[in-house]
1. What average number of partner chain Cβ atoms lie no more than 10 Å from the Cβ of the residues making up B:47-54?
2. If we count other beta carbons within 10 Å of each Cβ, what is the order of B:His46, A:His164, fewest first?
3. Relative to the present Cα-Cα distance, how much length would full extension add between A:Thr14 and A:Leu79 at 0.36 nm per residue of separation?
4. Give the order of A:Ser85, A:Ser142, A:Ser93 when sorted by the count of other beta carbons within 10 angstrom, beginning with the fewest.
5. Could you list the chymotrypsin sites (Phe, Trp or Tyr not before Pro) in region B:77-117 that lie in coil according to DSSP, counting only those with at most 11 other Cβ atoms within 10 Å of their Cβ?
6. Tell me, what ³J(HN,Hα) does each residue in region B:10-27 have, in order and in whole Hz, if you take phi through Karplus 6.51 cos²θ - 1.76 cosθ + 1.60 with θ = phi - 60° and put x for Gly and Pro?
7. What's the longest piece of chain A with no exposed chymotrypsin sites (Phe, Trp or Tyr not before Pro), counting a site as exposed if DSSP puts it in a loop and it has at most 11 other beta carbons within 10 Å?
8. Under unit Cβ charges (Lys, Arg +1; Asp, Glu -1), what dipole magnitude, rounded to 20 debye, does chain A have relative to its Cα centre?
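Values quoted throughout were computed directly from the atomic coordinates according to the rules given, and no laboratory measurement underlies them. Everything numeric in this text was worked out from a predicted model, so none of it was measured. Neighbour counts run over all protein chains shown; Cβ positions are idealised from the backbone, glycine included.
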Amino acid sequence: MMNSFVTLLRKDLTLEFRIKEMIAVYLAMSLIFSVVLAFGISSAFLYQEETLRLYPAALWTLFFFIATATIGRSFEYELENNVLSAVVLTGVSPSLIYLSKSLSNSAVIGAGHFFSAVILAILLNVDLRPFALNLALISILSVTAYAFLGTLCAFFSSVSKLKHLLLPFILLPLLFPLILASLESTQLLISGGIEFSFGAFWPSLLIFLNVVYLILGLTLFKFAVRE
Amino acid sequence: MKNLLRIDILAISLTGIIIAYANYLVFMVVPNERIMGAVQRIFYFHVGSAIACYVAFGIVFVSSLAYLARRDRVSDAISEAAAEVGFVFASIVLLSGMIWGKVAWNTWFNWEPRLVSFLLLWMIFLGYIFLRAFGEPSRVATQCAIIGIIGALMVPVVIFSVKLLPQVFQLHPQVVEKQGLREPLFVSTMFYSMGALTLLNLVLIWLRARITLTDEKLNEETW
Amino acid sequence: MVDTFPGLFWGYTAIWAILVLYIVRLAIRINRLEKRIKSSEDSHKH
């Protein structure tokens with residue numbers, strides 16, 4: 001089972017980083033939308049502290065928008081020529097297919113998110129160095145939770161009539177607890193004067209959602225793929 | 001068949017009677033609330049619709065699980081019906097809440113827990129309906145069952161986490177929790193309204209599910 | 001002092017009555033359709 005999982009993960013990561021479709025789109029959209037957001041925020045002529053307080057909102061709005069736009073394509077190659085059905089017929093558990101796809105999506109989206117965090121910080125003149133480690137941990141948790149649910153919903157939208165247009169409607173409402181948790185955790189970290197810890201409510205909710213979305217994905221993906 | 005029609009008429013009549021009585025209590029019996037005045041009466045429809053919406057979510061959850069286990073048309077039809085009817089009741093909660101907010105506190109929408117969590121629940125229902133409308137027909141039942149399960153499981157998480165959002169001030173009246181409903185008449189009217197709207201919810205889900213099943217049978221017949 | 005709103009009461013009563021009658025009409029139509037489908041299924045069997 002471990003061998004199958006490693007093989008699948010290698011296949012998914014190789015596919016993503018060789019074709020570079022998702023990552024290229026993510027990076028380009030990050031750049032463009034960061035600039036648009038930065039224009040909007042700087043036109044309000046806010047003080048430095050206020051811009052810092054707006055940073056989590058800008059960062060996570062960008063993330064959820066761009067990640068949803070790019071994750072929709074994650075099953076594109078598997079669904080062409082019935083490759084996914086062929087993989088399932090080899091006897092590999094659909095849960096392993098789901099897990100490897102989620103982790104490869106996390107890697108791609110995580111890389112893109114890191115890039116957009118840095119670009120946005122530069123454009124908004126925000127110094128992230130005091131928060132770097134904790135922000136990285138919050139981002140990892142948010143990205144993986146997103147990928148666990150997003151991968152499942154991306155499969156549904158890939159086989160629908162509307163394709164990727166359907167994905168935001170089914171995914172984003174289910175992600176609201178994650179949106180709140182990511183935003184509030186980052187706000188808690190950045191607002192300063194408060195002892196940030198992963199035992200606080202919002203970061204704990206992030207960890208909880210990772211577990212919940214992963215369990216739901218592992219359990220329910222096999223029903224979706226066996227149709 | 002005659003028995004089913006009798007059951008339908010009985011259920012609808014019972015619902016109609018309780019709605020009529022609740023309506024009478026709300027407009028002809030219950031006194032004005034001391035602080036908010038007459039506009040407080042919207043509360044009876046607002047809370048009743050919220051309860052009906054939660055019941056609909058519960059039905060979506062159970063019937064989605066049943067569909068994944070049994071793959072039968074009836075579970076899928078009930079799930080679809082419950083989502084549609086629940087969406088309508090969620091819309092009523094949002095609209096009545098906004099009207100109440102505007103009249104009582106001069107604000108259409110305030111970012112406070114109850115309104116925000118209902119907005120999010122409304123959007124979860126909307127996502128389900130979109131998937132039902134635009135999903136791949138051969139797979140849509142399974143996909144909707146999965147989204148229904150995840151959506152219903154997210155309901156308590158949404159409600160709980162939204163409650164803990166930092167708030168500037170609490171606008172939503174803490175009527176029941178903070179011993180606002182002292183007058184027994186208020187309490188009994190609230191329970192009658194909740195009962196009336198929940199029964200209406202169940203009747204509508206029941207009929208809507210049968211419409212789907214009848215429609216499918218008719219399509220099979222024509223082919 | 002009890003505050004009553006007879007205008008609203010009768011207005012809402014009319015709306016609820018229309019809704020309930022519409023639901024009754026729906027129920028009768030569904031039952032009729034189901035009956036027709038069942039009799040058509042039975043005639044196919046024979």
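1. Values: counts 0, 0, 0, 0, 0, 0, 0, 0.
Counting other chains' Cβ atoms within 10 Å and averaging over B:47-54 gives 0.
2. Values: B:His46 22, A:His164 17.
Taking fewest neighbouring Cβ atoms as first place, the list is A:His164, B:His46.
3. On the way: separation 65, 0.36 × 65 = 23.40 nm, distance 1.72 nm.
Once the chain is fully extended between A:Thr14 and A:Leu79, it gains 21.7 nm.
4. Numbers: A:Ser85 12, A:Ser142 29, A:Ser93 15.
Final ranking by Cβ density, sparse to dense: A:Ser85, A:Ser93, A:Ser142.
5. Values: sites: B:Phe87, B:Phe89, B:Trp100, B:Trp105, B:Trp108, B:Phe109, B:Trp111; in loops: B:Trp108, B:Phe109, B:Trp111.
When the chymotrypsin sites (Phe, Trp or Tyr not before Pro) of region B:77-117 are filtered for loop state and at most 11 Cβ neighbours within 10 Å, B:Trp108 remain.
6. Per-residue couplings from phi come out as 4, 4, 5, 5, 4, 4, x, 5, 5, 4, 4, 5, 4, 4, 4, 4, 4, 9 Hz.
7. Working: sites that count: A:Phe45, A:Tyr47.
Free of exposed loop sites, the longest segment is A:48-227.
8. Numbers: 12 positive and 12 negative charges, 110 e Å.
Dipole size: approximately 520 debye.
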